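Read through the structure below, which is laid out as structure tokens, and then see the notes.
FYI, it's all coordinate maths here, none of it is from the lab. Given the structure is predicted, the values throughout are model-derived calculations rather than measurements. Neighbour counts run over all protein chains shown; Cβ positions are idealised from the backbone, glycine included.
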């Protein structure tokens, strides 16, 4: 009798958790940067894994159509991409890849944004498939391209939250500000976070954040919050060479421990009000 009651209680708890997730809107988070080489994609992938480990159903979209490399970081070779949905007979769910810890990966493929805009019927078909996906996840992480080209800005501005990744290099700081400026002009309601990568310590990261925060507040009248930092870590470099996520390969390394704290902090932050409409309709319109 006691065992039956315990089993029933567990089933009820699982049902309640599932119901709660269905009622919560998906959090749509773009990860971008003003310049390449700052660790944006590596951060996106490992953040997705950390969120998945925290029982957050996570979809990672590789939206860097010029230099897609999520599959390289994972050491996998996608059989299909979103290009096959556009040019072939595949549905959106057909091209999803199950990655580490259950993270779902959607490889976008080269030139997707340009091709989708050519055919309204194809655009509607993809949009419907994508809308269905939104109901199945707690987090959608959009790994955009780097820079401030129109396609990159459109991708980032279509989300509700944006993490801008930078490093302490002066050019990276300047380009991070430029990215914030153009994205906020496209979507004034978006919520910005800054992630400082490849720093020596917390003091250096704080200095970088304060520099960007000052110019953003003074010249753009915007608020930007610090999401944290990742230290320069040889284990992270080794994991890239081995094509494995560093949070799994070296879970006790400084970068992995910091990223786990970042994921937990992100969950505690209130989700911003969604700007309405499907993320994917904004991306591929």
- Task: May I ask you to compute the full-extension gain from residue 204 to residue 57, defined as 0.36 nm times their residue separation minus their alpha-carbon distance, rounded to one decimal in nm?
- Result: 49.6 nm
- Query: Just for region 27-283, what percent of DSSP beta bridges are antiparallel, to the closest 5?
  - Reply: 5 percent
- Message: Given R₀ = 35 Å, what would the calculated FRET efficiency be for residue 189 paired with residue 169, taking r from the Cβ atoms and rounding to 0.05?
- Response: 0.70
- If packing is taken as the mean number of other Cβ atoms within 10 Å per residue, what is the order of 221-230, 51-60, highest first? 51-60, 221-230
